[in-house]
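*Asks:* Let me begin by handing over the structure; questions about it come next.
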Amino acid sequence: MFFLNSIRNHFNEKFYIPELDLADVGESNRLVLLFLGPCFFVFGFVDFTVVFVRNYSNLKDHLVSLIYFSIFTLISIYVFICSKKNKNIDREKAYIKKTIPFYMLCHTCMLAALYNFYILDQPFNGYAIFCLTGTISLCLFSFSPFPFLIGLVLEMIFMGPGLYFNFGISGLADGILTAMVMFWISLYKRRLAKKHLMLLKKQKKNLEAKTFGNFTLLFENKIVKFSRTKSNELFGYLVYKKGSSVNSKELISILWGDSADSTRYGNNLRNLIVDIKHTLKDLSIDSVFIAEYNNFRINPEIINCDYYDFLAGKKEAVDSFAGEFMSQYSWAEDVSAFLEMKAIKKE
């Protein structure tokens, strides 16, 4: 028991990250799945249609293939729907809910390796798909190493006999070694992620967003001054969104009105994004602002904010609210009314 506790404590020290701190990572996973879900759906649906049409007169002999591609297609749809639905969920549950669809898609692709290996009798393609799935997962996603390890172990259990039969003992050894390397890389990524988060948390002491009254961004008690006026409003809106991703169309609508033309104002928005990136980078706090796949957000876990403290029910923040929220921006008027109602209920 002491030995097991020692291993667990060592793991927690090196690799454990609280789920709330991983909320931003979960959002990155969600955005990738929004792209991959439809891609995998098209792949599965096309393959299902081809098998069905080519073998219409003898479907019984291809039943396994039809079942597999049906599962693959349905899971791809489910992953996409979940990724759309999970955009604005509570950050305390965000990482788990936004990452579970990844595990589903990853393990479904691992099934594709077995399908090619045994059903299609293409062992080389099956092993290649296994390696490709693991590599893409490690490159595009951030996830807990142990659920990933379970998938690797199960894959080796089922694929191991085939590796030995087709490629000999060296082929089996290479497969096991590949799985071990993938798991080690996932541990290494998690270790780097923990170090990075610890560094970001140190920045939180010096980075503050004041939203009650006029919006002001402070770093080391000095106002962060962007080159463009709209840059401050854009950043303020992302602070209000509290880590949720906002696409270009929504930002253009907020900054220039609902009737603003995306094509016309697209260059203006890009200039604001560049301004924010450069300004924050010069202060070495650029990690707070994240731009991915035409979506933009901030990491609220590394910024002090009276608005966030208010939502958390902290008395000091509630008492400091005087009915004004980012008062220089018209879109914030509805938020002010919402906060006033919450303040009254808390009294």
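*Asks:* Per-residue HN-Hα couplings for the range 116-121, Karplus 6.51 cos²θ - 1.76 cosθ + 1.60 at θ = phi - 60°, whole Hz, x for Gly and Pro?
*Replies:* For the range 116-121, the Karplus-derived couplings read 5, 5, 9, 6, 8, 6 Hz, x marking Gly and Pro.
*Asks:* Stretch residue 193-residue 247 to full length: gain in nm at 0.36 nm per residue minus the Cα-Cα span?
*Replies:* Extra length from residue 193 to residue 247 when fully extended: 16.9 nm.
*Asks:* For the range 269-311 and the range 85-135, what is the centre-to-centre distance using only Cα atoms, to the nearest Å?
*Replies:* 31 Å
*Asks:* Seen from all sides and averaged, what is the projected area of the convex hull of the Cα atoms in the range 201-338, in nm²?
*Replies:* Numbers: hull surface 32.8 nm².
The number I arrive at for the range 201-338 is 8.2 nm².
*Asks:* Now for a separate question. Could you tell me which residue out of 72, 39, 56 lies farthest along the dipole of the range 1-117 toward its positive end? Charges go on the beta carbon: Lys and Arg +1, Asp and Glu -1, centred on the Cα centre.
*Replies:* 56
*Asks:* Calculate for the chain the 222 nm mean residue ellipticity that helices alone would give, adding -39,500 (n - 2.57) per DSSP H run of length 4 or more and normalising by residue count, nearest 500 deg cm²/dmol.
*Replies:* Using -39500 (n - 2.57) per qualifying helix, the result is -24000 deg cm²/dmol.
*Asks:* With every protein chain left in place, what is the accessible area per residue of the chain in square angstrom, probe 1.4 Å?
*Replies:* Accessible area per residue: 56 Å².
*Asks:* For the range 1-99, what is the largest minus smallest coordinate of the Cα atoms on each principal axis, given in angstrom and ordered from greatest to least?
*Replies:* Answer, in whole Å and largest first: 62, 37, 15 Å.
*Asks:* State which entries of 189/222; 189/225; 97/202; 277/315; 84/230 exceed 30 angstrom in Cα-Cα distance in the structure shown. Provide the component values of the computation, followed by the final result.
*Replies:* Values: 189/222 34 Å; 189/225 34 Å; 97/202 27 Å; 277/315 34 Å; 84/230 28 Å.
The pairs that break the limit, which is 30 Å between Cα atoms, are 189/222; 189/225; 277/315.
*Asks:* Let me ask another. Among 15, 124, 229, which residue has its Cα furthest toward the positive end of the charge dipole of the chain, with +1 on Lys/Arg Cβ and -1 on Asp/Glu Cβ?
*Replies:* Toward the positive end, the furthest listed residue is 15.
*Asks:* In debye, nearest 20: dipole of the chain around its Cα centre with unit charges on the Cβ of K, R (+) and D, E (-)?
*Replies:* Result for the chain is approximately 420 debye, rounded to the nearest 20.
*Asks:* Within the range 237-261, whose backbone N sits under 11 Å from a point 7 Å along Cα→Cβ of residue 292?
*Replies:* What the label zone holds, given the 11 Å backbone N cut-off, is 245.
*Asks:* Would you compute, for the Cα atoms of the chain, the largest minus smallest coordinate along each principal axis and list the three values in descending order, in whole Å?
*Replies:* Answer, in whole Å and largest first: 73, 58, 41 Å.
*Asks:* Determine, for each peptide in 124-136, 331-343, 26-38, the mean count of other beta carbons within 10 angstrom over its residues, then list the peptides with the highest first.
*Replies:* 26-38, 124-136, 331-343
*Asks:* Note down the nm distance, to one decimal, between modelled labels 7 Å out along Cα→Cβ at residue 63 and at residue 173.
*Replies:* 4.2 nm
*Asks:* Sticking with this one: Of all DSSP beta bridges in the chain, what percent run antiparallel (nearest 5)?
*Replies:* Roughly 85 percent of the beta bridges in the chain run antiparallel, per DSSP.
*Asks:* Also, I was wondering about something else. Helices from the chain with mean Kyte-Doolittle at least 1.0 and a Cα length along the axis of 18 Å or more, per DSSP H: which?
*Replies:* Passing helices, by number: 23-54, 63-85, 123-140.
*Asks:* Follow-up question, since we're still on this one. How long is the gain from residue 89 to residue 327 if the chain were fully straight, where each residue apart is worth 0.36 nm and the alpha carbon distance is subtracted?
*Replies:* That works out to 83.0 nm of additional length.
*Asks:* Apply the Kirkwood formula to the range 70-122: the hydrodynamic radius equals the inverse of the mean of 1/r over all pairs of different alpha-carbon atoms; give it in Å with one decimal.
*Replies:* 12.3 Å
*Asks:* If amide hydrogens are placed 1.01 Å from N in the peptide plane, which non-local residues have theirs closer than 5 Å to the one on residue 243?
*Replies:* When sequence neighbours closer than 5 places are left aside, the close amide H contacts are 298.
*Asks:* Could I get the Rg over Rh figure for the range 262-347? Both from C-alpha atoms, Rh via Kirkwood, rounded to two places.
*Replies:* 1.06
The values are calculated or read from the model by the stated rules, or taken from the named source; none is laboratory data. Since the structure is predicted, the reported quantities are computational estimates derived from the model, not experimental observations. For neighbour counting, all protein chains shown are included, and Cβ atoms are generated from backbone atoms with ideal geometry for every residue, glycine included. Ligands, DNA and RNA are stripped out before the accessible areas are found, and what is left, the full protein with its side chains, is counted by its heavy atoms. Shrake-Rupley method; radii C 1.70, N 1.55, O 1.52, S 1.80 Å.
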